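This report concerns only the one structure given below.
The values are calculated or read from the model by the stated rules, or taken from the named source; none is laboratory data. A quick note: this is a predicted structure, and the numbers were derived from the prediction, not measured. A quick note on method: Cβ atoms are made from the backbone with ideal geometry, for glycine too, and the neighbour counts reach across all protein chains shown. The accessibility values were calculated without ligands, DNA or RNA, using every heavy atom of the protein model including side chains. Shrake-Rupley method; radii C 1.70, N 1.55, O 1.52, S 1.80 Å.
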Amino acid sequence: MRTATVTIDPNALTHNLKQVKKRAPSSKVLAMVKANAYGHGVAMVLPALQQADAIGVASFTEALEARQLGWTKNIGLLEGVFSAREWQQAIEQDCSAVIHHQPQLDWALANIPSPDSATRVVWLKYNTGMNRLGFNYQQTIAAAKQLNEAGFQLILTTHFANADDRDHPLNAKQIQRFSEMLTLLKSTVNKNIQGSLCNSAGVVNFPEHHYDWVRPGIMLYGSSPVVDQSAKALNLQAAMEFGARIMALSMVNTGEAIGYGSRWIADQPTRTALVSIGYGDGYPRVVNEEACVCVLAKNKQDNSVQSYLCPVRGRVAMDMIVIDVSQMPEDISLDSKVILWGSSPHVDEVAAQAGTIGYELLCRLSTRPDRLKNHNLRCHLIQF
Ligand SMILES: Cc1ncc(COP(=O)(O)O)c(C=O)c1O
């Protein structure tokens with residue numbers, strides 16, 4: 001049977017959540033599980049994120065899914081609601097919503113939830129420089145006053161545009177604008193207004209600005225959120241292993257080319273293996289010549305498992321890739337396991353080889369691979 005698997009390690013998720021809490025010990029954690037938990041599968045990750053104070057989603061449909069899966073704690077709708085009807089549905093599902101523009105403010109003020117409803121807490125979005133969602137300076141003050149008078153509890157929030165790059169000049173501006181607004185609202189509107197500034201990169205790069213709530217996403221899944229430190233350096237564990245199997249072995253003679261477009265030409269006799277994975281599963285077609293996969297091979301003498309980093313040769317096709325196994329023992333088993341990403345290679349490395357970010361690779365996995373859960377994923381992942 002063709003094998004392509006996405007295996008999730010709940011222990012890695014729990015470990016990564018602990019790392020967030022270590023870095024932000026005084027803040028509550030809203031764990032981002034939008035986009036099907038960054039491709040990991042929301043049903044797979046929720047049990048491992050029980051220690052989070054809330055989860056964050058991008059749409060009401062995602063919130064409903066989490067409720068149906070039994071998530072009883074708070075859910076933040078990070079883009080807010082898209083209609084008056086959806087505001088009512090948010091109330092019914094006890095979700096808190098971002099309010100980032102006038103229509104959302106109008107819907108909220110026209111339909112005020114009961115005092116014990118989670119929807120009475122709103123995340124008021126202030127545009128500090130990202131220039132996507134959020135009110136400007138005057139609008140934020142006016143909205144805060146109206147919402148406060150109507151009995152809502154407020155969390156002032158904003159989103160960094162460049163938190164992955166600590167020295168980017170906009171970071172200091174965004175922090176200053178946010179902190180001045182929070183101070184102003186606390187002194188003129190309500191001293192209990194809370195603040196939320198940091199995504200994963202902010203958690204790592206701006207420890208002095210964590211405020212009441214942090215909103216980590218990518219670091220929970222084991223990817224590095226910052227440009228200058230690897231996941232390993234940040235003590236984050238890959239929560240996903242993307243795997244396949246060797247499906248055929250072959251030999252390519254000097255001067256012969258491999259795959260579509262005949263892009264890669266062997267300059268010496270090359271032992272190759274065909275691997276049951278392609279862009280139809282979510283492996284990126286655009287990886288460069290540095291791309292490698294990890295092959296796990298059983299040593300037939302003592303049954304120990306050895307790992308080999310093998311380069312990808314020629315174009316990635318829809319259902320398969322070819323790898324160079326010249327450095328491996330000749331008696332490779334046909335069903336040897338291949339890791340496209342996991343502990344090694346890390347999804348951040350594959351993303352760099354594909355000219356993108358780990359977020360995109362994780363979210364773009366197709367529905368074809370089998371979805372598995374393995375609490376002991378790390379036991380059989382080899383560290384390099
Ligand atoms: C408003 C907001 N907060 C937090 C996050 C989490 O970001 P990250 O995955 O970089 O931690 C996102 C993700 O896009 C977001 O939009």
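Just a few scattered comments:
- Among the residues of region 90-117, those that are crowded, with 20+ Cβ neighbours inside 10 Å and either more than 16 Å from the ligand (Cβ to nearest atom) or assigned to a loop (DSSP other than H, G, I, E, B) (or both) comprise Ala90, Ile91, Cys95, His100, Leu105, Trp107, Ala108, Pro113.
- Some residue of region 11-33 being among the hydroxyl-bearing types (Ser, Thr, Tyr), over 24 Å from Asp212 (Cβ atoms) and out of contact with any His (no Cβ under 7 Å at 6 or more places or on another chain): no
- Taken over region 269-279, the criterion of being free of Cβ contacts under 8 Å to residues at least 40 places away in the same chain and more than 19 Å from Arg364 (Cα to Cα) is satisfied by Pro269 alone.
- Which listed residue is buried (at least 22 other Cβ atoms within 10 Å of the Cβ) and touching a residue at least 12 places away in the same chain (Cβ under 8 Å), from Gly70, Gly41, Gly80: Gly80
- Residues within region 62-89 that are closer than 20 Å to Arg215 by Cα and in a helix (DSSP H, G or I), tallied: 6
- Leading residue by the ranking (farthest from the ligand (Cβ to nearest atom)) among those in region 160-179 that are hydrophobic (A, V, I, L, M, F, W, C) and closer than 14 Å to Val227 by Cα: Ala161
- Residue ID - nearest to the ligand (Cβ to nearest atom), chosen from residues in region 142-159 that are surrounded by fewer than 15 Cβ atoms within 10 Å (Cβ to Cβ) and hydrophobic (A, V, I, L, M, F, W, C): Ala142
- Positions within region 243-295 being open to solvent by 50 Å² or more (accessible area, probe 1.4 Å) and outside any loop (DSSP other than H, G, I, E, B), in sequence order: Arg245, Met247, Leu249, Ser250, Met251, Tyr260, Gly261, Ser262, Ile265
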